[in-house]
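Structure, as structure tokens:
The values are calculated or read from the model by the stated rules, or taken from the named source; none is laboratory data. Everything numeric in this text was worked out from a predicted model, so none of it was measured. Glycine also receives a Cβ, built like all others from the backbone with ideal geometry; neighbour counts cover every protein chain displayed.
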Amino acid sequence: MSERMVYVYKSSKKLRTYLYTAQRDDFAGIPGGLMDAFGTPKFVMVFALSKHPELPKVTPEELEQALSERGYLLRIDLESEEENLINQERRYRGLPPLAKEQIDKFFH
């Protein structure tokens, strides 16, 4: 793994929504619609990717690939079924809830 620095921001509009970027405070390459939905990024932390072989909700390889190809990675944590809008809608329609793994596929 390279000595890539990763900059992490949390959303000012969406709970448990994070943006990993390759450059600090450089959002020029991120689509405008995504930034509108994300809101004002609030800096959380910086870390060297090579020093963290385990990351929450994403592998270092996935993060490296996203940063190399796009310059960013958007991470949305869907922690509880009650806060999971997909399963709330499915319940409303009389459908069984989806497992977390099935929901994660929508965001990759």
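When the strands (runs of 3 or more DSSP E) confined to the range 1-61 are screened for residues that are over 12 Å from L74 (Cβ atoms), those reaching at least 3 such residues are found at 5-10, 42-48. Looking only at the range 1-30, residues that are under 18 Å from E54 (Cα atoms) and without any contact (Cβ under 8 Å) to a residue 40 or more places away in the chain come to 2 in all.
Under the condition of being surrounded by 13 or more Cβ atoms within 10 Å (Cβ to Cβ) and out of contact with any Ser or Thr (no Cβ under 6 Å at 6 or more places or on another chain), the residues counted in the range 58-76 number 12. Taking the criterion of being more than 21 Å from Q65 (Cα to Cα), modelled with pLDDT under 90, of a type in the set (D, E, K, R) and out of contact with any helix residue (DSSP H, G or I) (no Cβ under 8 Å at 6 or more places or on another chain), would at least one residue in the range 25-45 satisfy it? No - not one qualifying residue is present in the range 25-45. Of all the numbered requirements in (1) under 26 Å from K100 (Cβ atoms); (2) out of contact with any Asp or Glu (no Cβ under 8 Å at 6 or more places or on another chain), T40 misses one, and that requirement is (1). Which pairs turn up if I take residues in the range 89-108 that are farther than 21 Å from Y18 by Cα and look for partners that are of a type outside the set (S, T, Y) and assigned to a helix (DSSP H, G or I) with beta carbon separation below 6 Å, at least 6 apart in sequence or on another chain? Filtered contacts from the range 89-108: P97/N87; P97/R90. Just a yes or no: is a residue in the range 46-55 in contact (Cβ under 8 Å) with a residue 24 or more places away in the chain, within 20 Å of F106 (Cβ to Cβ) and not assigned by TED's automatic domain parsing to the domain that holds F106? No, because not a single residue in the range 46-55 is in contact (Cβ under 8 Å) with a residue 24 or more places away in the chain, within 20 Å of F106 (Cβ to Cβ) and not assigned by TED's automatic domain parsing to the domain that holds F106. Within the range 9-24, being more than 22 Å from Q65 (Cα to Cα) and among the hydrophobic types (A, V, I, L, M, F, W, C) holds for one residue alone: L15. Picking from L19, L15, which residue would you name as being of a type in the set (A, V, I, L, M, F, W, C) and surrounded by 12 or more Cβ atoms within 10 Å (Cβ to Cβ)? Of the residues listed, the single one that is of a type in the set (A, V, I, L, M, F, W, C) and surrounded by 12 or more Cβ atoms within 10 Å (Cβ to Cβ) is L19.
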